[in-house]
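Bear in mind that the values in this text are calculations on the coordinates, not laboratory data. All values reported here derive from a predicted model rather than from experimental measurement. Because the Cβ atoms are built from the backbone with ideal geometry, glycine has one as well, and the counts that use them run over all protein chains shown.
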Amino acid sequence: MDLTAFAQFLTVIFLFIVILVLTYFTTRFIAGYQKNHSVNTNIESVEVMRLSPSQYVQIIRIGQKYVAIAVSKDSIEKLCELSSEDVEAISHEETSMNSFRDVMDKIKQGLQR
């Protein structure tokens, strides 16, 4: 293997690593930006249920009112209004996803047994 081929190989590996690092930090920045803009709004999606690949039923909160809507590829239809007693509040702590590290720790503990 000659020296120019080896240099090209190292250049490609270096560029690949640079692109991965840039992608990681860009994704983190955009996620934080979107998270900050969605906090303290008057519109919130409370729950979503998928009926088919392009059809959903959603419960949304607008101000203090809850509304059930049907969402499809081409339209959005209001189904009904719900009272706050009809909607069970699910805390975000209960539904939050585990971090990758937590999942890996559980897998390691399962393998050690």
Calculated diffusion of the chain, Stokes-Einstein form, Kirkwood radius summed over Cα pairs, 4 °C and 1.567 mPa s, µm²/s:
68
Could you size up the charge dipole of the chain around its Cα centre, putting +1 on the beta carbon of Lys and Arg and -1 on that of Asp and Glu, and report it in debye to the nearest 20?
400
Helix 3-38 vs. the chain, principal-axis angle (Cα, 0 to 90°, nearest 10)
20
CD proxy, 222 nm, the chain: helix-only mean residue ellipticity via -39,500 (n - 2.57) per DSSP H run with n ≥ 4, per residue, nearest 500, stands at -16000 deg cm²/dmol
Spacing of the two label points (7 Å from each Cα toward its C-beta) at residue 29 and residue 107, in nm
3.0
